[in-house]
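Trainee: Sending over a structure as structure tokens; questions will come in a sec.
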Amino acid sequence: MLVTRIGSGALLLTAALGLSACGGGGEQPQSAKKPAQTAASAADADAFVAGINDDYREKLPYFSAAQWAQATYITDDTQLLASRANEEWLEYLSRKVQESKQFNEVDASDDTERAILLLKLSTANPAPSDPAKRAELAKILSKMEANYGSGKWCKAEGECLSLPEIEKIVNDPTATPEARAEAWLGWHETAKPIREDYVRFAELGNEGAKELGFANLGEMWRAGYDMSPAEFDAEVERLWQQVSPLYDALHCHVRGKLNAEYGDEVVPKDGLIPAHLLGNMWAQQWSNIYPLVEPYPGVGSLDVTAALKARRDGEYKRLLSEFKGKPTPLDLAELEHQADAAMAVQMTKIAEDFYTSLGMPALPESFYDKSLLVKPRDRDVVCHASAWDMNMQGDVRIKQCIEPDEEQLSTIHHELGHIYYYLMYNGLPPVFQGAAHDGFHEAIGDVVTLSLTPEHLAKIGLVPQQEIDNKAVINSQMKWALDKITFLPWGKLVDQWRWKVFAGDLKPADYNAGWWDLRAQYQGVSPPVARSEADFDPGAKYHIPGNTPYTRYFLSFVLQFQMQKALCDAAGYEGPLHACDIYGNEEAGKRFMDMLAQGASRPWQETLEKLTGTREMDGSALIEYFEPLLAYLEEQNEGLSCGWEAAKR
């Protein structure tokens, strides 16, 4: 989702360039001694941070351009350019982190101390100070991301499918379990080549983190939340315990429905759910199986995908009618592509309209000129959706292979949340141009998606006007729960796996078994086919080879409801939280923008308090939002054997 060039995309190299004594001799002659260095002052620290900000403005456009080129035009050449740019950025950050140590004991201003801390924690990929290892890390990272972006499943008959094409099979609840298992396996096979690369990456990342003073890379990731790593562990666990009963109830209900659909041999009544039957390659969100679990069939039908596809098909028919002469097969393929591109822009405009209705500015013209909104016909790209701030001065872009369906419409609203966060904090010094914490960046766009209520979708012409009754509410909540609630355990477990790897608690010989242990423990799912340590199933999810920390998404799925409640209160809304739509409310928009404009300049607790009035993340708004569905699930689950037992190794 988010590609932050300093945060998740850029690489911080911590240098250990300690002074070494010359051996074998006595004291140097007095004339050869260097003069003692003057102690660093607060003014020196201020000047150092000012220099960092100047450097960011100069260097980041080049670094971002190299990464953009690789992600949108995957070749050996762009991999080389991206790797070299990474290496240069590593060297720069290594040097600056080393220089910053002179200010460790300086009584600098709060802003300067915070800026230096953010410099030290400004990456997910700290590299060792050794230049050869730094280059090796940059090469591994480029290789792993390219492997993901160019991965294909080539079927026995010779047809090769990319990830979006494979997902269409896995996501389709009408496809047979066997067809979906075959497609699931086809994609997961593409991750095998990077298994050994990941082992080496973990070694190098840990070495870099240790040079910064952390026990391992996982501890370093957990240090960026204005609390200790141990306190952060406890905070994440507290939030999970608060919201997990919702997931347990939904899992029980869905398992019963799937058992009724497929039988005991495919889905057991009281065990793990086969992951490929949940309508998503990673079983992270289950909205595609809504037709199988719809509580009240046909009530308050919200077929947004059908409406979007109808618009796209209408655009194609228009283009075809205007074509001069008889189109060749190549002409027809190009017209199809043009229709896809036009629809991608139209969907992006729908999302942009929501933000501007809150008083936010229109997107710059360069956004539409430079973004990649549809998969090109002529080359491989990384289709995983991401938002980019290229220069910290308004050159913002999205990379997303948009297709006309409801999930993609929600995703583009999400990605524009990143874009508007960038634009709101672009006025800050570059070192503060980031989120209050990374969960904030992921939450912003999802707050907006919570206002895509049935009434809102009718208002913008995507569904008919809805007659809202309790059955329609339950249907709508079920659809959202299959997106929001099902994500919670997945959002937690991805980093649980990596933290175990980085801490050495999970050895390379057990990478894959450890992955499925966590998936069983948290999600209650199992692989569709037997797995072994020849496989590397974690690598089939972008954020593993792309090395993007993932707990941010778990936090965002809690924060978005907390923020939505605060915005609804600011808008003067009175009614059930699930029905609130802040579209067009400029008072809510002002509160929103005031929070966004703080960027990373203050501890997240202060930034959260600015919007919500509280300094603590809290899952109670999420629970309040889904109260109608939870009551329905409790009723439906009576008499069922809920829960599951994860196998112990």
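The values are calculated or read from the model by the stated rules, or taken from the named source; none is laboratory data. Nothing here was measured: the structure is a model prediction, and the numbers come from that model. We place every Cβ from the backbone using ideal geometry, glycine too, and count neighbours over all the protein chains shown. Side chains included, ligands, DNA and RNA excluded: accessible areas come from the protein's heavy atoms. Shrake-Rupley method; radii C 1.70, N 1.55, O 1.52, S 1.80 Å.
Trainee: Show which lysines lie in cross-link reach of K326 when reach means a straight Cα distance below 20 angstrom and same-chain residues fewer than eight apart are skipped.
Mentor: K317
Trainee: Let me ask you something else. Tell me the angle of helix 329-357 to the major Cα principal axis of the chain, expressed in degrees between 0 and 90 and rounded to the nearest ten.
Mentor: Roughly 80 degrees between the two axes.
Trainee: Also: Which net charge results when you count Lys and Arg as +1 and Asp and Glu as -1 among the other residues whose beta-carbon is under 10 Å from that of M220?
Mentor: Working: positive: K120, K210, R222; negative: E219.
Local net charge: +2.
Trainee: With a Förster radius of 60 Å, plug the Cβ-Cβ distance of K590 and R379 into 1/(1 + (r/R0)^6) and report the FRET value to the nearest 0.05. Write out the running numbers ahead of the final one.
Mentor: Details: r = 43 Å, r/R0 = 0.71.
E between K590 and R379, to the nearest 0.05, is 0.90.
Trainee: Could you tell me the calculated FRET efficiency between K101 and Y368, based on Cβ-Cβ distance and R0 = 51 angstrom, to the nearest 0.05?
Mentor: Calculated transfer efficiency: 0.70.
Trainee: Taking the Cα centre of the chain as the origin, how large is its charge dipole in debye, to the nearest 20, when only Lys and Arg (+1) and Asp and Glu (-1) carry charge on their Cβ atoms?
Mentor: Charge dipole of the chain: 1180 debye, to the nearest 20.
Trainee: Oh, and also: Note the full-extension length gain between S532 and A47 as 0.36 nm times their separation in residues minus their Cα-Cα distance, in nm to one decimal.
Mentor: 169.2 nm
Trainee: Can you tell me how much longer the chain between E322 and E165 gets when fully stretched, taken as 0.36 nm per residue apart minus their C-alpha distance, in nm with one decimal?
Mentor: On the way: separation 157, 0.36 × 157 = 56.52 nm, distance 2.94 nm.
Gain on extension, E322 to E165, equals 53.6 nm.
Trainee: Roughly speaking, what is the centre-to-centre gap between region 333-366 and region 378-402 when only Cα atoms are used, to the nearest Å?
Mentor: Cα centroid to Cα centroid, the span is 14 Å.
Trainee: Right, next: Could you work out how far apart the two model spin labels at K155 and E574 are, taking each label as a point 7 Å from the Cα in the direction of the beta carbon, and quote it in nm?
Mentor: 5.9 nm
Trainee: Rounded to the nearest 10 degrees, what's the angle between the helix 177-189 long axis and the longest principal axis of the chain, both from Cα atoms, 0 to 90?
Mentor: 10 degrees
Trainee: Hey, can you rank 292-302, 418-428 by average C-beta count inside 10 Å, highest first?
Mentor: 418-428, 292-302
Trainee: Would you kindly derive the ³J(HN,Hα) couplings of region 195-212 from the backbone phi angles with the Karplus curve 6.51 cos²θ - 1.76 cosθ + 1.60 (θ = phi - 60°), listing them in order in whole Hz, with x for Gly and Pro?
Mentor: 4, 5, 4, 5, 4, 5, 4, 4, 5, 5, x, 5, 4, x, 5, 5, 5, 8
Trainee: Okay, moving on. Apply the a/c threshold of 1.5 to the C-alpha gyration tensor of region 526-649 and tell me whether it is rounded, prolate or oblate.
Mentor: In terms of gyration-tensor shape, oblate.
Trainee: What accessible area per residue comes out for the chain, rounded to a whole number of Å², with a 1.4 Å probe?
Mentor: Solvent-accessible surface per residue comes out at 40 Å².
Trainee: Once both axes come from the Cα atoms, what is the angle between helix 487-503 and the longest principal axis of the chain, in degrees from 0 to 90, rounded to 10?
Mentor: 30 degrees
Trainee: Given a 1.4 angstrom probe, I'd like the percentage of the accessible area of the chain that is carbon and sulfur, rounded to a whole number.
Mentor: 50 percent
Trainee: Which distance in nm do the two modelled labels at D331 and V266 give, with both placed 7 Å along the Cα-to-Cβ direction?
Mentor: 4.5 nm
Trainee: Sticking with this one: Expressed in nm to one decimal, what extension gain is obtained for the pair T614 and Q521 from 0.36 nm per residue of sequence separation less their Cα-Cα distance? It would help to have the intermediate numbers written out before the result.
Mentor: Values: separation 93, 0.36 × 93 = 33.48 nm, distance 3.19 nm.
The T614-Q521 span can extend by a further 30.3 nm.
Trainee: Amide H to amide H under 5 Å from D303: which residues, 5+ apart in sequence or cross-chain, H placed 1.01 Å off N in plane?
Mentor: Amide H neighbours of D303, under 5 Å, 5+ apart: none.
Trainee: Nearest 5 percent is fine: what portion of the DSSP beta bridges confined to the chain is antiparallel?
Mentor: 60 percent
Trainee: Output wanted: per-residue J couplings in Hz (rounded whole) for region 260-276, from phi through Karplus 6.51 cos²θ - 1.76 cosθ + 1.60, θ = phi - 60°, x for Gly and Pro.
Mentor: Once θ is set to phi - 60°, the couplings for region 260-276 become 5, 6, 10, x, 4, 5, 9, 10, x, 5, 9, x, 7, 8, x, 4, 6 Hz.
Trainee: Compare the Cα positions of Y550, M595, L217 along the charge dipole of the chain (+1 at Cβ of Lys, Arg; -1 at Cβ of Asp, Glu; about the Cα centre) and return the one farthest towards the positive end.
Mentor: Farthest along the dipole direction, towards plus: L217.
Trainee: May I have the pair-distance distribution P(r) for region 53-123, computed from all Cα-Cα distances with 5 Å bins from 0 and rounded to whole percent?
Mentor: 3, 15, 21, 20, 14, 11, 8, 5, 3, 1
Trainee: So, one more: Could the peptides 315-325, 432-442 be put in order, highest first, of the mean number of other beta-carbon atoms found within 10 Å of their residues?
Mentor: By packing density, highest mean first, the sequence is 432-442, 315-325.
Trainee: Now, a different point. How many nm separate the modelled label positions at A234 and A341, each set 7 Å beyond the Cα in the direction of the Cβ?
Mentor: In this crude spin-label approximation the distance works out to 5.6 nm.
Trainee: Which whole number of Å³ per residue matches the convex hull of the alpha-carbon atoms in region 163-218?
Mentor: Values: hull volume 5.9 nm³, N = 56.
Enclosed volume per residue, from the Cα hull, is 106 Å³.
Trainee: A follow-up question, please. Quickly estimate the mean residue ellipticity at 222 nm for the chain, helices only: each DSSP H run with n ≥ 4 gives -39500 (n - 2.57), and the total goes over all residues, rounded to 500.
Mentor: Calculated at 222 nm, the ellipticity per residue is -18000 deg cm²/dmol.
Trainee: Counting only residues 5 or more places away or on other chains, whose amide H sits under 5 Å from the amide H of L161 once H atoms are built in the peptide plane?
Mentor: W153, C154, K155
Trainee: Give the shape of region 151-303 as rounded, prolate or oblate, defined through the alpha-carbon gyration tensor: a ≥ b ≥ c are the square roots of its eigenvalues, a/c under 1.5 means rounded, and otherwise the shape is prolate if a/b is larger than b/c and oblate if not. Numbers along the way, then the final one.
Mentor: On the way: a/c = 2.66, a/b = 1.38, b/c = 1.93.
It comes out oblate by the Cα gyration axes.
Trainee: If you find the alpha carbon centre of region 70-91 and of region 170-192, how far apart are they in angstrom?
Mentor: That distance is 31 Å.
Trainee: While we're on this one: Based on the alpha-carbon gyration tensor of region 494-599 and its eigenvalue square roots a ≥ b ≥ c, which shape applies: rounded if a/c is under 1.5, prolate if not and a/b is larger than b/c, or oblate? Let's see the in-between values first.
Mentor: Working: a/c = 3.82, a/b = 2.53, b/c = 1.51.
It is prolate, given that a/c is not under 1.5 and a/b is the larger ratio.
Trainee: Shifting gears a bit: Enumerate the calculated ³J(HN,Hα) couplings along region 292-297 in order (Karplus 6.51 cos²θ - 1.76 cosθ + 1.60, θ = phi - 60°), each rounded to whole Hz, writing x wherever the residue is Gly or Pro.
Mentor: 7, 10, 3, x, 10, x
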